[in-house]
Amino acid sequence: MADINDKAVMELAMKAGNVLLANGAEIFRVEETMERICRYYGIMSEREFVLTNGIFMTAGSEKEGFFARVQRVPVRGSRLDKIEAVNQLSREIESGMYTPEEAIEEVKRIKEMPPKSAGSQIFASGASCAAFSILFGGNLNDCVAAFFVGLVLYVYVLFVFDPHLSKIVGNILGGTLATVLCIFLYSAGVGEHMNFMIIGSIIPLVPGVSFTNAIREIAEENYISGAVRLLDAILVFLCIAIGVGAGISIMENITKGIIL
């Protein structure tokens, strides 16, 4: 592999690591991908240190140019499609399909991949709420109620929460919205078990991937990153619980306790 631009290789590794970390990949996956890219292109002095919201990367020796970069990566949600795309790209790089410059352009394309359409996300939210309502013990009526609440909740997530609200406020209001809607449907006779309706309906807000990754990070002895991810997930759980409690209190005051 003659005429390989070392700086381009390091930039490629940083960009690939950034996309993985920003979209919920585990620390060991980020570090392994960056190391594989550098090793394939012949950079043996590369060292990376990855945290939940940052990447530190250095390289340099008597035979290789010096490189140092620190990059902050905000903690966001998960996009498993982007993680899979970068994983596939790293395999294709090792099979010799890309120069560093071509791979950088491919990483940029992956980073700009659009999400699924709003309609498909909203429907998936409703379907998941319905499924979890059944899973936790609800009946068909509870499933139908949770489905409609899931649809409305994800409209709120896409058009109010994500673009305008912080994580704390957004999850509290989301939990409140789901609870109030479930109580309305319960009072209208759509569902029969309010607890199963509420449990199923708040599922789109629950950070399941983040919580699972936090446990995996701790198991991999990445204690700092695991603790940060775990704290972030617990904070979301707490906010959802506050929202559910607020929704129940609001409806109890409005109805004077008749419904509840």
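When M197 is tested against (1) closer than 29 Å to S78 by Cβ; (2) open to solvent by 60 Å² or more (accessible area, probe 1.4 Å); (3) in contact (Cβ under 8 Å) with a residue 24 or more places away in the chain, just one condition goes unmet, and that condition is (2).
Pairs linking a residue in segment 108-127 that is more than 17 Å from A16 (Cα to Cα) to a residue that is acidic (D, E) and in a helix (DSSP H, G or I), with Cβ atoms under 9 Å and 6 or more positions apart or on different chains, are P115/D81; K116/D81.
Of all residues in segment 68-82, those that are within 19 Å of E46 (Cα to Cα) have Cβ atoms under 6 Å from Cβ atoms of residues that are open to solvent by 80 Å² or more (accessible area, probe 1.4 Å), 6 or more apart or on another chain, in V70/F56.
Scanning segment 162-178 for residues that are in a helix (DSSP H, G or I) and open to solvent by 40 Å² or more (accessible area, probe 1.4 Å) gives D162, P163, H164, K167, I168, V169, I172, L173, L177. In summary, I55 fulfils each of the numbered conditions (1) open to solvent by 40 Å² or more (accessible area, probe 1.4 Å); (2) in contact with a Gly (Cβ under 6 Å, 6 or more places away or on another chain); (3) of a type in the set (A, V, I, L, M) with the single exception of condition (1).
Each residue in segment 179-214 was checked for being outside any helix (DSSP H, G or I) and among the β-branched types (V, I, T), and 3 of them qualify. The set of residues from segment 6-17 being open to solvent by 50 Å² or more (accessible area, probe 1.4 Å) and either more than 21 Å from the chain's Cα centre (by Cα) or without any contact (Cβ under 8 Å) to a residue 12 or more places away in the chain (or both) comprises D6, K7. Scanning segment 165-198 for residues that are more than 19 Å from the chain's Cα centre (by Cα) and of a type in the set (D, E, K, R) turns up just one, E192. The set of residues in segment 202-238 that are among the hydroxyl-bearing types (S, T, Y) and more than 13 Å from V75 (Cα to Cα) comprises T212, Y223. Would you say L181 is within 24 Å of L238 (Cα to Cα), in contact with a helix residue (DSSP H, G or I) (Cβ under 6 Å, 6 or more places away or on another chain) and open to solvent by 40 Å² or more (accessible area, probe 1.4 Å)? So L181 fits the description; yes. Can you run down the residue pairs with Cβ atoms below 7 Å, 6 or more apart or on separate chains, where the first is in segment 22-41 and closer than 16 Å to E220 by Cα and the partner is open to solvent by less than 10 Å² (accessible area, probe 1.4 Å) and outside any helix (DSSP H, G or I)? Short answer, once both residue conditions are applied: I27/V50; V30/V50; E31/V50.
Kindly indicate whether L20 is open to solvent by less than 20 Å² (accessible area, probe 1.4 Å) and under 18 Å from the mean Cα position of the chain (by Cα). Spelling it out, L20 is indeed open to solvent by less than 20 Å² (accessible area, probe 1.4 Å) and under 18 Å from the mean Cα position of the chain (by Cα). Across segment 58-90, the qualifying residues are those that are among the basic types (K, R) and not in a loop (DSSP other than H, G, I, E, B), and the one among them that is surrounded by the fewest Cβ atoms within 10 Å (Cβ to Cβ) is R72.
The values are calculated or read from the model by the stated rules, or taken from the named source; none is laboratory data. As the structure is a computational prediction, the values presented were derived from the model and not from experiment. With ideal geometry, Cβ positions are generated from the backbone for all residues, glycine too; neighbour counts draw on all protein chains shown. Accessible surface is based on the protein model in full, side chains and every heavy atom, while ligands, DNA and RNA are left aside. Shrake-Rupley method; radii C 1.70, N 1.55, O 1.52, S 1.80 Å.
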